[in-house]
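Worksheet: the structure to be examined is printed underneath.
The values are calculated or read from the model by the stated rules, or taken from the named source; none is laboratory data. Fair warning: this is a prediction, and the values are worked out from it, not measured in the lab. Quick reminder, even Gly has a Cβ in these numbers, built from the backbone with ideal geometry, and neighbours come from all protein chains shown.
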Amino acid sequence: MPLYLAARTKLMKGEIDLAGDDIKVQLLTSAYVYDVDHEFRDDITVGVIGVAVAMPGTEVVDGKLSITGSVTFPDVPALGVVSQCILFKDSGAPATSDLIGHVVAEMGVAANNGDILLAWDDNIVIEL
């Protein structure tokens, strides 16, 4: 999973605690183009679809974050095809919510005002 540049530094300084902070997932359409220099949630101005939800089970072992379980995005508006997602530390304000990682989701699910289930591959890890 590609990490945003600022997130690497903040993770190494302990400013982002993957196991203890409020980490959320946000679905995106292909309108968003990943930029390693994006730092905060408000840097993403296009492609956002639905509401962000809390991360499923996470575990940090030997410096790696393992993501397990699944997450349901409720009532995703019919605004396009979901093709990617981001992980971010939710501070309560987009201007201070740190972007962490970017995942290209190989789901290509057309949003249709219904729920979307995202099941994480047990092999997804964040490693610095």
Among the strands (runs of 3 or more DSSP E) lying completely within the stretch 12-128, list those that include at least 3 residues that are closer than 20 Å to P2 by Cβ.
23-29, 64-67, 81-89, 99-110, 125-127
Give A52, A93, A105 a once-over and let me know the one that is surrounded by fewer than 18 Cβ atoms within 10 Å (Cβ to Cβ) and within 12 Å of the chain's Cα centre (by Cα).
A105
Quick one: G63 ticks every box in (1) more than 21 Å from A119 (Cα to Cα); (2) at pLDDT 90 or above except a single one, so which number is it?
(2)
The one condition L18 fails out of (1) at pLDDT below 90; (2) farther than 18 Å from W120 by Cα is (2)
Qualifying residues in the stretch 10-49 (those that are among the small types (G, A, S) and within 17 Å of A105 (Cα to Cα)) - the one surrounded by the fewest Cβ atoms within 10 Å (Cβ to Cβ)
S30
